[in-house]
1. Kindly indicate which of 153, 160 is farther than 17 Å from residue 86 by Cα, in a helix (DSSP H, G or I) and open to solvent by 20 Å² or more (accessible area, probe 1.4 Å).
2. Which count do you get for residues in region 174-226 that are of a type in the set (Gly, Ala, Ser), more than 26 Å from residue 158 (Cα to Cα) and either without any contact (Cβ under 8 Å) to a residue 60 or more places away in the chain or part of a strand (DSSP E or B) (or both)?
3. Among the residues of region 62-71, is there at least one that is touching a Gly at 6+ places or on another chain (Cβ under 7 Å), part of a helix (DSSP H, G or I), more than 24 Å from residue 198 (Cβ to Cβ) and among the charged types (D, E, K, R)?
4. Being buried (at least 18 other Cβ atoms within 10 Å of the Cβ) and of a type in the set (Val, Ile, Thr) is the filter here, so list the residues in region 38-76 that pass it.
5. Are there any pairs, at least 6 apart or on different chains, whose C-beta atoms fall under 7 Å, with the first in region 135-162 and β-branched (Val, Ile, Thr) and the second open to solvent by 20 Å² or more (accessible area, probe 1.4 Å), and if so, which?
6. Among the residues of region 91-107, count how many are touching a helix residue (DSSP H, G or I) at 6+ places or on another chain (Cβ under 6 Å) and farther than 17 Å from residue 32 by Cβ.
7. Just the residues that are open to solvent by less than 10 Å² (accessible area, probe 1.4 Å), outside any strand (DSSP E or B) and either out of contact with any helix residue (DSSP H, G or I) (no Cβ under 6 Å at 6 or more places or on another chain) or more than 18 Å from residue 222 (Cα to Cα) (or both), please, taken from region 128-143.
8. Report the residue count in region 1-26 for those that are outside any loop (DSSP other than H, G, I, E, B) and either touching a residue at least 60 places away in the same chain (Cβ under 8 Å) or out of contact with any Leu (no Cβ under 9 Å at 6 or more places or on another chain) (or both).
Amino acid sequence: MKRIVIMGATSGIGLAVALKLAQRGHIVGVAGRRTDILIALKKKFPENIEWEEIDITKKNAPERLHHLIEKIGGMDTYFHIAGVYYDNPQLNLDDEITTVETNAVGFARMISTAYCYFRDNKKKGHIAAITSVAGTRGMGPLASYSSTKKFGQAYLEALQQLSHMQKLKIKFTDIRPGWIRTPLLDPDAEYPFTMKLSYAAPLIIKSLNKKRTANYVDWRWKLIVRLMQSIPRSLWVRIPFPVSIQASPKQLMKNTLIEQKEQEVSAK
């Protein structure tokens, strides 16, 4: 049994992972902005779950994280899943700034707080985070998203190096999924190799226990990333990269049925 904090546990990947880890008997500290979901999780697993309302873009977020750690009696693993996503080829400024403040500034704020917790308490620990395959290259329609996901990957790598320099026993796991059908995605659009949440969540949990620092979800994206990395920049910037396309009515109906089924599974 481990004591795990999940940052961003009120929807999508975070909610699915929190449910599965609590079902397995772990002590889970769940955090996010939607208190109704957090309260419902506590009611569902009163012995295994504690919660704290945390907005990672706020300066008081580290203090609230420490409060949550106290509630669960310590922390073995910090799992950062909180983030935002905008398909933004128009470069709407509000969306760009929100993405940077959440996926970069908020990411650094919380990951560094978790690192200092393990360091200051001289504890063996595990820091894991969801980044994205989008962090492989800059993507025109996802300028701020792909850039901030690259930031997250580099930040984890830097702290892993710092951990070795400071002779700390902290394990790092960078989980890089492709597109997963969650509320973050446009329900009226289709994305390349989209995965169902019910398929991706178990793979993400499995990645937590792997020895590799960088883990791709799923295996197809590991191959696609290699291809993306092999393309010269002079050619890459000329590729009209279509992040999403308008879904057909048939696909929209299928997506709706999938989401309803996953909601039923989560509610059980």
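1. 160
2. So the count comes out to 1.
3. Yes; the residues of region 62-71 include at least one that is touching a Gly at 6+ places or on another chain (Cβ under 7 Å), part of a helix (DSSP H, G or I), more than 24 Å from residue 198 (Cβ to Cβ) and among the charged types (D, E, K, R).
4. The answer is 49, 54, 56, 69, 72.
5. As it stands, the answer is 136/229; 148/100, since those pairs meet every condition given.
6. Kept after step one, since they are touching a helix residue (DSSP H, G or I) at 6+ places or on another chain (Cβ under 6 Å), are these residues of region 91-107: 96, 99-100, 103-104, 107.
Pick out the ones that are also farther than 17 Å from residue 32 by Cβ and you get 96, 99-100, 104.
Number satisfying all stated conditions: 4.
7. Matches in region 128-143: 142 only.
8. Qualifying residue count for the region: 15.
The values are calculated or read from the model by the stated rules, or taken from the named source; none is laboratory data. Predicted model only: the values in this text are computed from it and were never measured. Every residue, glycine as well, gets a Cβ built from its backbone with ideal geometry; the counts of neighbours run over all protein chains shown. These area figures cover heavy atoms from the full protein model, side chains too; ligands, DNA and RNA do not enter into them. Shrake-Rupley method; radii C 1.70, N 1.55, O 1.52, S 1.80 Å.
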